Amino acid sequence: MDTLKKIISEDIGGIIENIGFNEDWTITLEMFPEVIIHLVFTYFGDEFGDGVTAEFKCFFSGERVHIIPGEDSITYVDIIFNFMERMIQNREPFEQSYDKKSELMQKVLIQRTEPFSLLKDSDVNDLAIFLGAIVRKKADKWQIIKEIFPGISIELTYNAREKLNIAYIGEVLSKKVGSYHMEFLGIFLINHILRYITLNNLDKEMPNICYIMFSRYYTKMKNWNHIR
């Protein structure tokens, strides 16, 4: 248990607590501000004779958790479980092509660039709070740095020539998170920025990609077509 606590606090940046579900313990971590994930572990022995002695359940909390599509949050949980398993087994990630962009990432950067043109100088502080990140604006260039795990960050840059780029930072990066999972984490960050842009431009007809960033629950609540 001491090893797990160390991994959760020092490598993942979460806490182990009890949230009152009669569980043995819960891992709580923040995906984004007001988007909180709880991984609840309960041990019950072989109560039903089927060889299943324990279970993990996922719960979510926070004022903004309802705007996140389930595929983003569940994929994030899968990355966390993979991370914990490797750290417990002391295995480095297999994929370490951090300087290369997959076809998926290249497509994402092209598809999601247009809405960034709606960011204004006055958005710097509010965007930083929304993301839990460092946001800088200098001349025609935006820089967004989000620490996703202790010592591991994603850096997004956008300039007035409508060029969006992504990089991964951290001395411990190659020992902890593979490039395949870093790309997904980068996509989640870009998606959340598009949510911020959309929520702050409700008076405009946004590019189609923006509405797809939200959960079906939220798009129905707003009477948006999920795919336009």
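The values are calculated or read from the model by the stated rules, or taken from the named source; none is laboratory data. What you are looking at is a predicted structure, and each value in this text was computed from that prediction instead of being measured. Glycine also receives a Cβ, built like all others from the backbone with ideal geometry; neighbour counts cover every protein chain displayed.
Hey, could you check the stretch 166-197 for residues that are under 27 Å from residue 218 (Cα atoms) and of a type in the set (Val, Ile, Thr) and say which is surrounded by the most Cβ atoms within 10 Å (Cβ to Cβ)?
My answer is 193.
Please go through the stretch 176-186 and pick out each residue that is in contact with a strand residue (DSSP E or B) (Cβ under 9 Å, 6 or more places away or on another chain) and under 18 Å from residue 35 (Cα atoms).
Passing the criteria: 185, 186.
Report every pair of residues separated by at least 6 positions or lying on different chains whose Cβ atoms are under 7 Å apart, first residue within the stretch 204-222 and of a type in the set (Val, Ile, Thr) and at pLDDT 90 or above, second part of a helix (DSSP H, G or I) and surrounded by fewer than 17 Cβ atoms within 10 Å (Cβ to Cβ).
Close Cβ pairs satisfying both conditions: 209/111.
How about the stretch 87-140: which of its residues are assigned to a loop (DSSP other than H, G, I, E, B) and hydrophobic (A, V, I, L, M, F, W, C)?
Passing the criteria: 94, 119, 133, 139.
So, of the residues in the stretch 65-94 that are among the polar types (S, T, N, Q) and in contact with a helix residue (DSSP H, G or I) (Cβ under 9 Å, 6 or more places away or on another chain), which turns out to be modelled with the lowest pLDDT?
Applying the filter and picking the extreme gives 82.
Restricting the stretch 41-55 to residues that are surrounded by 10 or more Cβ atoms within 10 Å (Cβ to Cβ) and out of contact with any Ser or Thr (no Cβ under 8 Å at 6 or more places or on another chain), which is modelled with the highest pLDDT?
42
Can you confirm whether the stretch 151-161 contains a residue that is in a loop (DSSP other than H, G, I, E, B), over 19 Å from residue 10 (Cα atoms) and modelled with pLDDT under 95?
Scanning the stretch 151-161 turns up at least one residue that is in a loop (DSSP other than H, G, I, E, B), over 19 Å from residue 10 (Cα atoms) and modelled with pLDDT under 95.
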